[in-house]
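Student: To start, I am sharing the structure in question, which I have written as structure tokens.
Coordinate-derived values only; no laboratory data. No experiment lies behind these values; they were computed from the predicted model shown. Virtual Cβ from ideal backbone geometry, glycine too; neighbours counted across all protein chains shown.
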Amino acid sequence: MDAVVAFAPLAGALIAGLLARYIGKAGAMAAATALMGVALAAAVSLFLGLYAGDAQAHTTIIARWIEIGGFKANWAIRVDMLSAIMMVVVTSVSFLVHVYSWGYMAEDANKSRFFAYLSFFTFAMLMLVTADDFLQMFFGWEGVGLASYLLIGFWFDRKSANSAAIKAFVVNRVGDVGFALGIVGVFALFGSIQFDAVFSQIEAVKEARLVAGPLDLPYLETIAVLLFIGAMGKSAQFFLHVWLPDAMEGPTPVSALIHAATMVTAGVFLVSRCAAIYDVAHGAATLILLVGAVTAFFAASVGLVQNDIKRVIAYSTCSQLGYMFVAAGAGAYQAAMFHLFTHAFFKALLFLGAGSVIHGMHHEQDMRRMGGLARALPVTYAMMLIGTLAITGVGIPGTHIGFAGFLSKDAILESAYARGLDLEIAQLAFWMGLLTALFTAFYSWRLIFMTFHGPKYWREAVAHGHDAPAHAAHDGAHPQATTHDDDHGDAHVPHESPIVMLAPLVLLAIGAVGAGMAFYEPFFGKEAESFWHGIFAGHGEHSVLEAAHHAPLWVKSAPFAAGVIGLVLAIVTYGFNPRGMRAMGEKGGPMQAFLAHKWYFDELYQAVFVRNAERLGDWFSKRIDRGTIDRFGPDGWALASRLTGGWVSRLQSGFVYHYAFVMLIGVVGLGVFALMSVGR
Amino acid sequence: MEALFSRFDLVLGIPEIALAAFAVAIVMVGVFQRRASFGQMAGLLAFGFLIAGAASLLHGFAAPDRWTAFNGFFAHDREIAIVKALIYLASAATLAMSMRFLQAVERAQFEYVALIGFATLGMSVLASANSLLTVYLGVELLSLPSYVLAAFHRDSARGSEAGLKYFVLGAIASGLLLYGMSLIYGFSGALGFAEIAARASSGDVGITFGLVLMICGLAFKVSAAPFHMWTPDVYEGAPTPVTAFFAAAPKFAGMFIFARLMFEAFPSMIEGWRPIIAILAIASMAVGAFGALLQSNVKRLMAYSSIGNIGYGLIAIAAGPEAMGALIAYLAIYVTTTIGIFGGLLALRHQGAYLERIEDLSGLIGQRAGMAYGLGFLLFSVAGIPPFAGFWGKLLVFQAGVRADLVWLAVAGILLSVVAAFYYLRLIKVMVMDKAQARFDTPLGIPSWTLAIAALMVSVGYIPLLAPFLRLVGG
């Protein structure tokens, strides 16, 4: 049962990737989807078993991996509440995305490859979450990174997709270096990388110092920060966030699965898994809190002015991940996991909804060319509305009734407030979180208004014909679509998506509505202690959780109020005066430019890192590699060998007396040599 | 009056006596029984090889130590028995491969079989030689039939040229060898290996010079640089099966007696001859590696390949007596691989014409996949790429060199084997990647799959067989 969860997707990936030629594309896709369904069933049964108390947390060792001296690593499936939740999230979203992709990728020539990648991603993600030691986690970590790279660059004939894929890969490497160093540190300090062995020794090494040359650092804090750097890369936190918006170059189902629901939450999972470390490493925990709050605020502010429908949601994801880190940094890992859980549903819903819009608009992503789509895409509109209600946190303050985001986001802000009672930075995080909630409401409703209400700008786009760059790029990838469009000018009229795409939306919408209410008590409420079963045991009686429950009513109502303010602002601006806002967006201003350029991060990195790295690489390539190594190495040797070969061959004149002469030279030379050595 | 030889001497000489008897019998039958076919003659000689091999192995494994006979001129022990058996096998294999070729060029004459028989007799005598006279006898007994074999295609100008060149240069080499022997006899007063070892010392100028001359003569026979110049021309001009024969058994016998002469007759002078052998080794490896780079004729290429491989074998000789096992293992692998490659060349034809140029092999994989794989494995093996047998052979030799503190020689060998790998890989590239220029004829006799399987056996199956040789090295 344990192994089925992880290895059914691997089987699906292998079948879809290697056997598509023999069983056909549809066969490959069906196999991958069916095996994904098997994995989902297995994951749900594991989760329910743990939830109902029928089964205990346990670890199944599959195989020994590495054993060198004291260093041991196993392939294992660790089943506890933390991994079970992740398994359910990963397999359920992945299954729905598989189904959805039948519709979304219907016209693509390489759809079986797409399914193979999706299944492989799921396998890697499951290896990550079921790891029993840091090394297997790192394996999964790199595996999802690879899958992400492949899927972002899935339409490899687009230059932008390739650059985005490379950007994601490279930025993630920065984080991975931190993670890898962290693992090295863990092994050096604890003598093991197995989770239980590490966590049980924490009290013993609390005071250890890391002395290296001039450095004298607290060991545990250093490890905690290094591991968090890994988490920052994968979860696109401030400074290492730049890859996530660009990753939207991948097909939309990928964005929903990898860049919203699962992979990007791996960092949150890592921090939660290492809760025992962060409970002790207060400095690192505070750093997490701060970075999370800044990320949440920054990404939300940038989201305010984006015009690409997927980018808005991408920044929203970034921002929500910041929330999760705020909770984790505050010590409320339960709240972080809760938000991770609910976020997976409503963010996947929003992405797949956006995908449905894009599909209906014939791969148009610019919201300025949309508008008034509510009538043409009624189901999509309803589902997107539910997703928006969920992310903006609509519910009844003071009770536990509301959309998923209402409960989980409020849990985070309450935790931040509670932590703020004895940590000032947490107060700052709380206020930034509130402001973020306002921004979130604004950009989410802005998206709804620009896309589904107001004037129908797509009519103008039809008149303009094929000049839309996004569309042109898309035509390159889909020749059939091009001919179709050329034959019928009115084919641009938006249309509702097929049932295979709408059904996953509906299922996710159910989660977005109900997941919060259904799971509030076990994740965060009164049942939490028995639910988590000691995974987050660090805090004891003065638990943040407990304090959060006793937060004053104004704290509990503030996020909702912020959401309402955001909604009102959105109605006033984009709802009532869309054309005015449009003009404003075009005219701009310093603030608008600052936000539209994402705080100038890309420009800064371009100038500081990319240019210099390019210059350095250029120098190494031209001077060191080609100029020195190749010239005196392979090329030089090859040339010398050729010349020597020619010379040896020319000696072979064919005349007997030449040959005899060479022999005699040999005899004389060797004789003289030998006699000289005798004389000595 | 003391008898010239005892009954024991005759028993120990059974392999050579049998070979001589069969070779003479073949000449007789050939002359008086015109109807006997080439195949029957070859079968007769093969039978002779069988008897000789069985007798040799029996003697070798019956004896606890070394047996000597004919007043100490003739020796026999396990090592020698193994080498002799391998020599007979190699001769038999090359003889079997020649039949189709000789029939195709209408040269299937009984003299060929007789000459192979006599040459093999010479090698057998060489392997057992225990005195300078026996060495010389064996060398000449091997060389004279070889000159004739090189020119066996007597209507071909190239063949005659090859035979003549070989003969003239071989005569010079024999002269050098004999002059060296006479010097050594003159200064030490002994002919037997053991007696020379007892009397020779490194300070003696006469003996040193004699030793150098003998080394030069033997270096010619095994085609070590700078005494290699005849090799490419003779290999190219001689009929292909004769080339295969030259590249196989005589190398084995020559290198073996080279090593025994150094190890048994001049053990105390090792510091004197080691640098000379090392120079020969490095020169041979270099010539073998660089000389073949620009060749377009397969047989010439194989000539340089054999020069290079002799260089690697010389590393083992330079390493000293402990490396005898490594030398035997290396030569066994090299000789077997070479026979396999020539077997491939002799099984492929374009409209009745045998392959000569490298381009003739192009596109082989498309038409004769099994043959292409077989040749490919063998070429990988001879290039020294693991896990093929050739790699292990080279490894043994290099290890022996390193143990004898000849690290620089081993390093040079490794670097030069990288250069040499180029032309082996080029052959594979031509077979696999280049477009076919002509159709290959349908297989004659041996199907190409047989060769492929044989190649696998030869290449990979050798690895476990190395263990006894290693034990032999360890003593």
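Student: Considering the options A:Ala32, A:Ala84, A:Met676, tell which one lies farthest towards the positive end of the dipole of the protein assembly as shown, charges being +1 on Lys and Arg and -1 on Asp and Glu at the Cβ, about the Cα centre.
Tutor: A:Met676
Student: Quickly work out the B:Arg154-to-A:Leu616 label distance, labels modelled 7 Å from Cα along the C-beta direction, and quote it in nm with one decimal.
Tutor: With each label placed 7 Å out from Cα toward Cβ, I get 7.8 nm.
Student: Tell me the Kirkwood radius of chain A: reciprocal of the mean inverse pair distance over distinct alpha-carbon atoms, in Å.
Tutor: By the Kirkwood definition, the hydrodynamic radius is 27.0 Å.
Student: Would you please name the trypsin sites (Lys or Arg not before Pro) within region B:145-179 that are DSSP coil residues with at most 14 other C-beta atoms within 10 Å of their C-beta?
Tutor: Here the trypsin sites (Lys or Arg not before Pro) that fit, given the DSSP loop and packing criteria, are B:Arg154.
Student: Would you please calculate the Kirkwood hydrodynamic radius of region A:1-55 over all C-alpha pairs and express it in Å, rounded to one decimal?
Tutor: Its Kirkwood hydrodynamic radius stands at 11.8 Å.
Student: While we're looking at this one, here's another question. Can you list the residues, at least 5 places off or on another chain, whose amide H is less than 5 Å from the amide H of A:Thr59, using H built in the peptide plane?
Tutor: A:Val79
Student: Now, a different point. How would the protein assembly as shown be classified by its alpha-carbon gyration tensor: rounded, prolate or oblate, with rounded meaning a/c under 1.5 and the a/b versus b/c comparison settling the rest?
Tutor: In terms of gyration-tensor shape, prolate.
Student: Then there is this: Distance between the C-alpha centers of region B:366-437 and region A:592-658? Whole Å please.
Tutor: Region B:366-437 and region A:592-658 have Cα centres separated by 28 Å.
Student: Between A:Asp308 and residues 5 or more places away or on another chain, which pairs have amide H atoms under 5 Å apart, with H built 1.01 Å from N, and which residues are they?
Tutor: Those qualifying (amide H under 5 Å, at least 5 residues apart or on another chain) are A:Met367.
Student: A follow-up question, please. State to the nearest 20 debye the size of the charge dipole of region B:7-472 about its Cα centre, where the only charges are +1 on K and R beta carbons and -1 on D and E beta carbons.
Tutor: For region B:7-472, the charge dipole is close to 840 debye.
Student: Taking loop as defined by DSSP and a crowding limit of 13 other beta carbons within 10 Å, which GluC sites (Glu not before Pro) in region B:47-116 fit?
Tutor: B:Glu106
Student: Can I ask one more? Treating only the Cβ of Lys, Arg, Asp and Glu as charged (+1, +1, -1, -1), what charge dipole size does region A:1-139 show about its Cα centre? Round to the nearest 20 debye.
Tutor: With Lys and Arg at +1 and Asp and Glu at -1, about 400 debye.
Student: Then there's this: Identify, among A:Ile510, A:Val357, A:Ala551, the residue whose Cα sits farthest towards the positive end of the charge dipole of chain A, taking +1 on the Cβ of Lys and Arg and -1 on the Cβ of Asp and Glu, with the dipole about the Cα centre.
Tutor: A:Val357
Student: Roughly how tilted is helix B:78-104, in degrees to the nearest 10 and between 0 and 90, from the longest Cα axis of chain B?
Tutor: Between helix and principal axis, roughly 30 degrees.
Student: What is the mean number of Cβ atoms from other protein chains located within 10 Å of the Cβ atom of each residue in peptide B:225-231, rounded to a whole number?
Tutor: The mean count of partner-chain Cβ atoms within 10 Å per residue comes to 6.
Student: Quick check: pseudo-label points 7 Å beyond the Cα along Cα→Cβ at B:Gln109 and B:Ala194, how many nm apart are they?
Tutor: 4.5 nm
Student: Per-residue HN-Hα couplings for region A:107-115, Karplus 6.51 cos²θ - 1.76 cosθ + 1.60 at θ = phi - 60°, whole Hz, x for Gly and Pro?
Tutor: 8, 7, 6, 10, 5, 5, 4, 4, 5
Student: Please determine, in degrees from 0 to 90 and to the nearest 10, the orientation of helix B:14-32 with respect to the longest principal axis defined by the Cα atoms of chain B, where the helix direction is its Cα long axis.
Tutor: The answer is roughly 50 degrees.
Student: For A:Ala204 and A:His495 in the same chain, what is the full-extension length gain: residue separation times 0.36 nm, less their Cα-Cα distance, in nm?
Tutor: Full extension from A:Ala204 to A:His495 adds 98.4 nm.
Student: With 10 angstrom as the radius, rank A:Phe576, A:Phe169, A:Phe341 by how many other C-beta atoms surround their C-beta, starting from the fewest.
Tutor: A:Phe576, A:Phe169, A:Phe341
Student: Only counting other Cβ atoms within 10 Å, I'd like B:Ile184, B:Ile279 sorted with the fewest neighbours first.
Tutor: Placing the least packed residue first, the sequence is B:Ile279, B:Ile184.
Student: Next question. Suppose only helical runs count, i.e. DSSP H with n ≥ 4. What mean residue ellipticity at 222 nm does that imply for the protein assembly as shown under -39500 (n - 2.57) per run, divided by all residues and rounded to the nearest 500 deg cm²/dmol?
Tutor: Only helices count here, giving -23500 deg cm²/dmol.
Student: Pop out the ³J(HN,Hα) list for region A:149-165 in order, Karplus 6.51 cos²θ - 1.76 cosθ + 1.60 with θ = phi - 60°, rounded to Hz; leave Gly and Pro as x.
Tutor: Ordered by residue, 3J(HN,Hα) equals 4, 5, 7, 5, x, 4, 8, 6, 7, 9, 4, 5, 5, 5, 5, 4, 5 Hz.
Student: Just want the answer: with Cβ charges of +1 for Lys and Arg and -1 for Asp and Glu, which residue in B:Val418, B:Phe22, B:Ala329 is farthest toward the dipole's positive end in region B:7-472?
Tutor: B:Val418
Student: Using a ≥ b ≥ c from the Cα gyration tensor of region A:368-468 (square roots of the eigenvalues), is it rounded, prolate or oblate, where a/c under 1.5 gives rounded and otherwise the larger of a/b and b/c decides, a/b for prolate?
Tutor: prolate
Student: Please order A:Ser444, B:Ser37 by the number of other Cβ within 10 Å, starting at the fewest.
Tutor: Listing A:Ser444, B:Ser37 from fewest to most nearby Cβ atoms yields B:Ser37, A:Ser444.
Student: Take A:Gln592 and A:Asp630, extend 7 Å from each Cα along the Cα→Cβ direction, and tell me the distance between the two endpoints in nm.
Tutor: Inter-label distance under the simple model: 4.9 nm.
Student: For region A:202-328, state the average projected area of the convex hull of the C-alpha atoms over all orientations, rounded to one decimal in nm².
Tutor: Approximately 8.2 nm², given one-decimal rounding.
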